[in-house]
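One structure is given below, encoded as structure tokens.
Values in this text are rule-based calculations from the coordinates and carry no lab data. None of the values given here were measured: they were computed from a predicted structure. We place every Cβ from the backbone using ideal geometry, glycine too, and count neighbours over all the protein chains shown.
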Ligand code: NOJ
């Protein structure tokens, strides 16, 4: 059979117009031409190689492509690179099946947005969708068809570096955000050249790694799995996500890349997921050190039988699946299913109509860093920042101030500011530092600068200069935090303090300036222990790693052009010993009594309170919002009606601003214990100063469902407490009953 065989066969059978309609039949026609090894080839993904000028074909990759032993590639992009590779696949392999190019486009491709934990703090689904839409525009213009995002792992583990990649600790919010990412990446029509496949990862429970150590063991009951860790994945299926990635961790003794229960029983049978599952990077092979597979042949057998359709970088499918089928250890049906799903994705992308559809120099040259993308990145970075503390209205700063001392290793940084997984974001000069951002507001003679110290080095030689300029200035802005490599994959920490000698420098600056306003701008990828800093500085502005326009956005907030509106999606502990700490915990049989907090033999610590430093949902504004008492449409809910809860919110301060209004419910008694509160809705509203708005939430039986001890998704009659609040720190006062 000659190259482009699929074209001929498809056209022969269906004619051109019918071709556009029926992907399944087209896939069948192609598969009828494929050998078993060629079908296996579609389930194989390898990485692109690079030389100084960009991606190259590489000897091995070239060979595998021509043999029909590769269906997809990661880390190969650019119009030139993907064209060379695609040409080999389409023109030199026996059947000419196009390749799929995937890459980690996580929080932007060229234009980098805040890290995902930061994006989640915007609680702004429209903005999150826009960020992934822009990322898809830029990535697809460089030949990419597929992103390994969104990462939808719920995590309550700040030691785990990858908490930076998710949407925090809450189930409902993570699920809503997961859908927004999918909508942004995939759009409405995958065949358009500016939409890409999304990938829900890391399936599943990766965010619950023991002791926060990456890749570590996870043990949890099925109830917790279903109630907390699975819902965001299910949400992506509902949103039409095309691919899933299995994870590195084991779950209750079974690695998640060899877990038939999660991959076949839940994902395929319960959720009816039709797309394909890719392994994480060599995660199939890693079942050997896990002690779950004897050798790489065994790993390939388990991976495919359990439901992993594509092997990322492991070489085990290519090498072993054919023999395993011949020996009857893997059903050929599984290979056919996997191959069919992968080909279907290629059809949906339009690659069989035109394998070069994403390969267009003109688009590549004109798409990246478009001014409108940068403007969006600035807006989104500001919306993602969280004003944690603002004693005596230290912020905003009057731009007519005589002088400000900017101090810290991240003031002039244009590198770390992009955060981890910054895809092809330019770390050498494209990003706007906080210094540059502030320079839009201030004249050079108003700005003093000293680096003071490094993020990690124990070298105090810069302290004197920093202290000296701090004394000359009217106000001080410290820009400090973690390096970008201190969160993300394989970047777990046991210490949640601001790293290195930065905390010491903060103390020294306060000692030298007992009465001056000090603002701490923080860049970091996880909740930090700020117990000392809240006492030392006046204001703390959490900007995460805010991306390409991060410095400009930070300045917009510091000088009050934009009013902060972000709220935490993850709890900030008082110290690492409180971890895991999250708002929607269970109550225990011995909660601390409200009227007698010091009573003995209660579930407490003897050295710190149970409460965190900053709660889930916390975030200040330059204005104030007053919440009137909540009104329920009725206190009696039945299984067939819905009820509404509403509250009037008034902007009582001096600035216009956004407020994130949060609905919480507690199911008081259940056949299994229920969390002390659960987020069940939210709305971000804009109020001009003096303005009021009524926010209304509708509560239905679905709002109240959970998995019971028989793993039934159900709702139980009884009493429910309800509140609408500015954060998770409130006491319930209202009740409704369901019967
Ligand atoms: C390993 C990471 O866990 C995953 O998130 C990523 O998509 C792959 N490597 C590919 O880079």
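How would 406, 463 line up from fewest to most surrounding beta-carbon atoms within 10 angstrom?
If I rank by nearby Cβ atoms, fewest first, I get 463, 406.
Using a Förster radius of 45 Å, what is the FRET efficiency between residue 592 and residue 60 based on their Cβ-Cβ separation? Nearest 0.05, please.
The value I calculate is 0.15.
When the Cα atoms of segment 59-189 are enclosed in a convex hull and the volume is divided per residue, what value in Å³ results?
Taking the convex hull of the Cα positions in segment 59-189, it is 122 Å³ per residue.
Quote the relative contact order of the chain in percent (integer), defining contacts as alpha-carbon pairs under 8 Å separated by 6+ residues.
Details: 1809 pairs, mean separation 94.9, N = 739.
13 percent.
Give me 618, 109, 315 sorted ascending by neighbouring Cβ count inside 10 Å, so fewest comes first.
Ranked by crowding around the Cβ, least crowded first: 315, 618, 109.
Can you compute the FRET efficiency between residue 671 and residue 356 using 1/(1 + (r/R0)^6), with r the Cβ-Cβ distance and R0 = 51 Å? Round to the nearest 0.05.
Efficiency at R0 = 51 Å is approximately 0.35.
How big is Rg to Rh over segment 460-596, alpha-carbon atoms, Rh as the Kirkwood inverse-mean-distance radius?
With Rg and the Kirkwood Rh in hand, the quotient comes to 1.02.
For a quick check: sort 44, 59 by the number of other beta carbons within 10 angstrom, fewest at the front.
Working: 44 25, 59 9.
By the 10 Å Cβ count, ascending, the order reads 59, 44.
With just the Cα atoms defining each centre, how far is segment 344-415 from segment 647-670? Give it in Å.
28 Å
With a point put 7 Å past each Cα toward its Cβ, work out how far residue 264 is from residue 641 in nm, to one decimal.
My value for the distance between the label points is 4.8 nm.
Among bridges DSSP assigns within the chain, what percent are antiparallel (round to 5)?
Approximately 55 percent, going by the DSSP bridge assignments.
Translational D (Stokes-Einstein, µm²/s) of segment 492-541 at 25 °C and 0.890 mPa s when Rh comes from the Kirkwood sum over C-alpha pairs? Show your work: numbers first, answer last.
On the way: Rh = 11.6 Å.
Rounded, D is 212 µm²/s.
If we sort 635-641, 465-471, 345-351 on the protection proxy, mean other Cβ atoms within 10 Å, highest first, what's the order? Could you put the intermediate results ahead of the total?
On the way: 635-641: 13.0, 465-471: 19.0, 345-351: 22.0.
Most protected by this proxy first, the peptides run 345-351, 465-471, 635-641.
Using the scaling law 2.2 N^0.38 Å as the reference, what is the normalised Cα Rg of segment 237-360?
Dividing the Cα Rg of segment 237-360 by 2.2 N^0.38 Å gives 1.08.
Quick check: the angle from helix 502-512's long axis to the longest principal axis of the chain, C-alpha only, nearest 10 degrees?
Here the helix axis deviates by roughly 20 degrees.
Under a point spin-label approximation (7 Å from Cα along Cα-to-Cβ), what is the residue 734-residue 336 distance to one decimal in nm?
With each label point 7 Å from Cα toward Cβ, the separation is 5.7 nm.
Per the Kirkwood formula on distinct C-alpha pairs, the Rh of segment 524-654 is how many angstrom?
One decimal place: 18.6 Å for the Kirkwood radius.
Between residue 323 and residue 685, 0.36 nm times their residue separation minus their Cα-Cα distance comes to what?
Gain on stretching residue 323 to residue 685: 124.3 nm.
Per 0.36 nm of contour for each residue apart, how much would the distance between residue 391 and residue 288 grow if the chain were fully extended, relative to their Cα-Cα spacing? Numbers along the way, then the final one.
Values: separation 103, 0.36 × 103 = 37.08 nm, distance 5.41 nm.
In short, 31.7 nm is gained.
Multiply the residue gap between residue 474 and residue 398 by 0.36 nm, knock off their C-alpha separation, and tell me the result in nm, one decimal place.
26.3 nm
When the distances between all Cα atoms of segment 623-738 are binned every 10 Å from zero, what whole-number percent does each bin get?
Percent of Cα pairs in each bin: 13, 43, 28, 12, 3, 0.
Expressed as an acute angle from 0 to 90° and rounded to the nearest 10, what is the orientation of the C-alpha long axis of helix 23-33 relative to the principal long axis of the chain?
In the chain, helix 23-33 runs at an angle near 50 degrees to the longest axis.
At 7 Å along the Cα-to-beta-carbon direction for both residue 512 and residue 716, put a label point, then send me their distance in nm to one decimal.
6.1 nm
Viscosity 0.890 mPa s, temperature 25 °C: give me the Stokes-Einstein translational D for segment 243-298 in µm²/s, with Rh taken as the Kirkwood radius over C-alpha pairs.
Working: Rh = 11.6 Å.
Reported coefficient: 212 µm²/s.
If we restrict to alpha carbons, what Rg and Dmax does the chain come to, in Å?
Considering the chain through its Cα atoms, Rg and Dmax are 26.8, 83 Å.
Give the angle, between 0 and 90 degrees and rounded to the nearest 10, that separates the Cα long axis of helix 463-472 from the longest principal axis of the Cα atoms of the chain.
For helix 463-472, the angle is close to 50 degrees.
Which value results when the Cα radius of gyration for segment 3-363 is divided by 2.2 N^0.38 Å?
Compactness ratio reported: 0.94.
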